[in-house]
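Undergrad: Shown below is the structure under consideration.
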Amino acid sequence: MKKLNFFDKFLFFINSLVSILLLFTYALPFIDPEKHPGIAILSLAYPILLIINITFVVFWVVKLKLHFLLSAISILIGLSHIHDFYVLDNKEVIKDSDIKLLSFNVRRFNVYNWIKSPTIKQDICDFVNKENPDIVFFQEYTNEKNVRLNITNTYVYKTSASGIAIYSKYKILNKGAINFKNTANNIIYADLKINKEIVRVYNVHLQSFRIDTQKEHYGDKDNEALVKRFKSVFKEQSHQIKVLKEHIKNCKYRTIVAGDFNNTAFSWNYHEIMEGRKDAFVEAGINFGKSYHYFFPFRIDFILPDNTMEVGKFTTYDVNLSDHYPIMARINLNN
């Protein structure tokens, strides 16, 4: 094998940097963003770092260079993380006793015409009615009069201030909200009588980044402000997850957590709330599970049932109705 030329040496230097960063992301689920918010930003970069490292593996293999081992080993060390990002195959297990849960950030039913279509509001309603879920978790919901869902025998819990709602075919025995200061993001919950069991469901909308994805260029001042905002949001999300986790700890029922986490499966937030839970996408999904309408496959919306429950099917719907894609899971309580 020939020695590396200057260009290849430069590429290997870049390769070394992205490999180190990839390895560092494996530690992020164990680092509390409330204490180290700047480091937490890397959790959003995992998919990008993974793909760059895969590209380097291919590049060095084609050139017959052993340098491919650097990225290959970095990827193999975090092999379990890949399953949170991409699922190659899963078998569907459908049962008549399954309950269907749909989570969807509807972006205020397109009230500001982000999508240039006058029918988005009705299209969302038609979509939900067609899929006919048993429980619906809406985020960025509005209480507009012409929002009509034809789900039969439905119990509804929504709050005018929070912008989130739970629609359920099962009777709501108890309900409440977990509110946070100085933010419109919050969490609501409802205790549902499902057959002979009471199950508590949480609808989560964690602190938002409020980034304009249509903005193509950021200047230095914009970038500095963006980093500050990211740090602030990560700290807020960490606090919100801690409050939610404590609330769940004091609940005597089995629980299902769903909603818009505004963060990925590689974050501390996800790792914390996953204790004693299953990720419906990992259990029964396929491909990337992309839930946010962006050029890169970010999965920031989750359905997380208790680990004693069975996930038979998971679907991400490729429909252009919001900046999020709706997700649905079929869950069996196994009781």
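No value in this document is a laboratory result; all are computed from the given coordinates. None of these values were measured; they are calculated from a predicted model. Here Cβ is always computed from backbone atoms with ideal geometry, including for glycine, and neighbour counts include all displayed protein chains.
Undergrad: Arrange the following residues from fewest to most other Cβ atoms within 10 Å of their Cβ: Tyr317, Tyr157.
TA: Values: Tyr317 14, Tyr157 20.
Ranked by crowding around the Cβ, least crowded first: Tyr317, Tyr157.
Undergrad: Further, regarding this structure: What whole-number value in cubic angstrom gives the convex hull volume per residue for the C-alpha atoms of segment 216-315? Let's see the in-between values first.
TA: On the way: hull volume 9.9 nm³, N = 100.
Normalising the Cα hull of segment 216-315 by residue number yields 99 Å³.
Undergrad: Follow-up question, since we're still on this one. On average, how much area does the Cα convex hull of the chain cover when viewed from any direction, in nm²? Before the final figure, lay out each step's value.
TA: Details: hull surface 76.7 nm².
Across all orientations, the chain yields a mean hull projection of 19.2 nm².
Undergrad: Nothing charged except the Cβ atoms of Lys and Arg (+1) and of Asp and Glu (-1): what's the magnitude of the dipole of the chain about its Cα centre? Round to the nearest 20 debye. Don't skip to the end; give the middle numbers.
TA: Numbers: 42 positive and 33 negative charges, 59 e Å.
That gives a dipole near 280 debye.
Undergrad: On to the next question. Scan the chain and note any complete DSSP helix (H) whose C-alpha atoms cover at least 27 Å along its axis and whose Kyte-Doolittle average is 0.5 or more. Don't skip to the answer; put the middle values down first.
TA: Numbers: long enough: 6-25 (29 Å, 1.79); 220-249 (44 Å, -1.04).
Helices meeting the criterion: 6-25.
Undergrad: Over segment 271-335, what lengths in whole Å, largest first, do the semi-axes of the equivalent ellipsoid take, defined as the square roots of 5 times the eigenvalues of the alpha-carbon gyration tensor?
TA: Values: eigenvalues 103, 34, 16 Å².
Over the Cα atoms of segment 271-335, the ellipsoid semi-axes are 23, 13, 9 Å.
Undergrad: Output the antiparallel fraction of DSSP beta bridges having both residues in segment 275-335, as a percent to the nearest 5.
TA: On the way: 8 of 8 bridges.
So the antiparallel bridges in segment 275-335 amount to around 100 percent.
Undergrad: Could you tell me the relative contact order of segment 6-85? Use alpha-carbon pairs under 8 Å, at least six residues apart, and round to a whole percent. Let's see the in-between values first.
TA: Working: 56 pairs, mean separation 28.4, N = 80.
Averaging sequence separation for qualifying contacts and normalising by length gives 35 percent for segment 6-85.
Undergrad: So how strong a dipole does segment 6-85 carry about its Cα centre when Lys and Arg Cβ are +1 and Asp and Glu Cβ are -1, to the nearest 20 debye? The partial results should precede the final answer.
TA: Values: 4 positive and 4 negative charges, 71 e Å.
For this selection, approximately 340 debye.
Undergrad: If you add up the charges near Phe234, with Lys and Arg at +1 and Asp and Glu at -1, over every other residue whose beta carbon is less than 12 angstrom from its beta carbon, what do you get? Present the calculation step by step, with values, prior to reporting the outcome.
TA: Values: positive: Lys35, Lys228, Arg229, Lys231, Lys235; negative: Asp32, Glu34, Glu236.
Here the count lands on +2.
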